[in-house]
Amino acid sequence: MVKDIILDCDPGHDDAIAILLAAGHHDINLRAITTVGGNQTLEKVTRNALGLATLAGITAPISAGHDGPLNRNLVTSPEIHGESGLDGVTLPDPAMDLDPRHGVDLIIDAIMESDPGTITLVPTGPLTNIASALQKQPEIASRVAEVSLMGGGASVGNATAAAEFNILVDPEAADIVFSAPWKVTMVGLDVTHEAQATPDVLDQIRALNTPISSFVDDLMAFFIRSNQREQQFAAPPVHDPVAVAHVIDPGILATEHRPIFVETAGKYTTGMTLVDRRPWINPDKNTHVATGIDVDRFWDHVINAIGNL
Ligand code: RIB
Ligand code: CA
């Protein structure tokens, strides 16, 4: 069944794979791409999104959203993604202009003009745009099928001992998103750390022998080096496309329906996504945490999508 998604992202090497998965997979109808300051500045991630859309032949509207968090200064991630946010590759000049609307308004318009329950929101960067859309038009919470977000973690952090990058950049926005009356699936580090671009995966991508597969090969070459240097991964976890794959094939992930709380004021734990796993506590919100992943099935979807482009 084809699913309609809006991808809110901060490309970013793994966001780029999420974009290619969404663009190439026949079970996804990519309704819009919005960008948010995160891995790099809004200007850089937006330029990257336009170049990726040109490369992949995406015709969906693309809008720039917030350039930084609701109440904090933006912290970027050049150590992982480079100064351009997509170091290691050369992007084509954009073949399209940005949609003139703010990303938050594009998100709201796309949801409000669609039948309730038809759109899934897939944020793969800080949650600033999503929180702002909720604040501007709370009705979207009742109209969105699900929020499948890459962020957080039940048992591990990366930006700090407690926090994952997307949540730490804007914990107040994350608190708003996790507290809203909609279904949230947290596709966190517990599963995305398993989604590694191993040599075998890269061999399968190279074997496609297309301009896009060659682009992905170059993209991953930089991402391999930065993840090895910064986080000692032999093969880099490709976080963001897992949130798209969950929409394509929900069986890929094992999930638990659990209360999830975002810490916004902890001396050591700001940005932590605290998952309440006490068996006698019944969840009072529709928040779910991904706890397991079928990695081979995940990569089959990604490679299939890249091959379709
Ligand atoms: O922690 C991983 C997340 O932070 C990914 O979305 C990556 O693109 C960065 O934004
Ligand atoms: Ca991202």
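The values are calculated or read from the model by the stated rules, or taken from the named source; none is laboratory data. Keep in mind that what you see is a predicted model, and the values were worked out from it rather than measured. Note that each Cβ is placed from the backbone with ideal geometry, even for glycine, and that neighbours are counted across all protein chains shown. To get the accessible areas, we keep the full protein, side chains included, count just its heavy atoms, and leave off ligands, DNA and RNA. Shrake-Rupley method; radii C 1.70, N 1.55, O 1.52, S 1.80 Å.
Couple of notes before you dig in:
- Pairs, first among the polar types (S, T, N, Q) in segment 136-148, second surrounded by fewer than 17 Cβ atoms within 10 Å (Cβ to Cβ), C-beta under 7 Å, six or more apart: 137/112; 142/116
- Tally of residues being among the polar types (S, T, N, Q) and open to solvent by 10 Å² or more (accessible area, probe 1.4 Å) across segment 175-189: 1
- Every residue from segment 226-256 that is of a type in the set (D, E, K, R) and surrounded by 14 or more Cβ atoms within 10 Å (Cβ to Cβ): 240, 249, 256
- Only one of 92, 78, 100 that is over 27 Å from residue 136 (Cβ atoms) and over 20 Å from the mean Cα position of the chain (by Cα): 92
- Within segment 156-174, considering residues that are over 16 Å from residue 242 (Cβ atoms) and surrounded by fewer than 19 Cβ atoms within 10 Å (Cβ to Cβ), the one farthest from the chain's Cα centre (by Cα): 161
- Members of segment 33-63 found to be more than 15 Å from ligand 2 (Cβ to nearest atom), of a type in the set (A, V, I, L, M) and touching a Gly at 6+ places or on another chain (Cβ under 8 Å), listed by number: 56
- Going through (1) more than 11 Å from ligand 1 (Cβ to nearest atom); (2) out of contact with any Phe, Trp or Tyr (no Cβ under 9 Å at 6 or more places or on another chain) one by one, residue 153 falls short only on (1).
- Within segment 194-237, being under 26 Å from residue 292 (Cα atoms), of a type in the set (S, T, N, Q) and part of a helix (DSSP H, G or I) holds for 204, 226, 227, 228, 231.
- Output for segment 120-149, where each listed residue is open to solvent by 20 Å² or more (accessible area, probe 1.4 Å) and part of a strand (DSSP E or B): 145, 146
- Condition check for residue 305: under 28 Å from residue 3 (Cα atoms) and not aromatic (Phe, Trp, Tyr): yes
- Exactly one residue among 264, 270, 192 is crowded, with 17+ Cβ neighbours inside 10 Å, away from ligand 1 (no atom under 16 Å from the Cβ) and under 30 Å from residue 131 (Cβ atoms), and that residue is 264.
Quick grid of which residues meet (1) in contact (Cβ under 8 Å) with a residue 12 or more places away in the chain; (2) closer than 23 Å to residue 30 by Cβ; (3) not basic (Lys, Arg):
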residue: 246; (1), (2), (3): yes, yes, yes
residue: 259; (1), (2), (3): yes, no, yes
residue: 265; (1), (2), (3): no, no, yes
residue: 295; (1), (2), (3): yes, no, yes
residue: 298; (1), (2), (3): yes, yes, yes
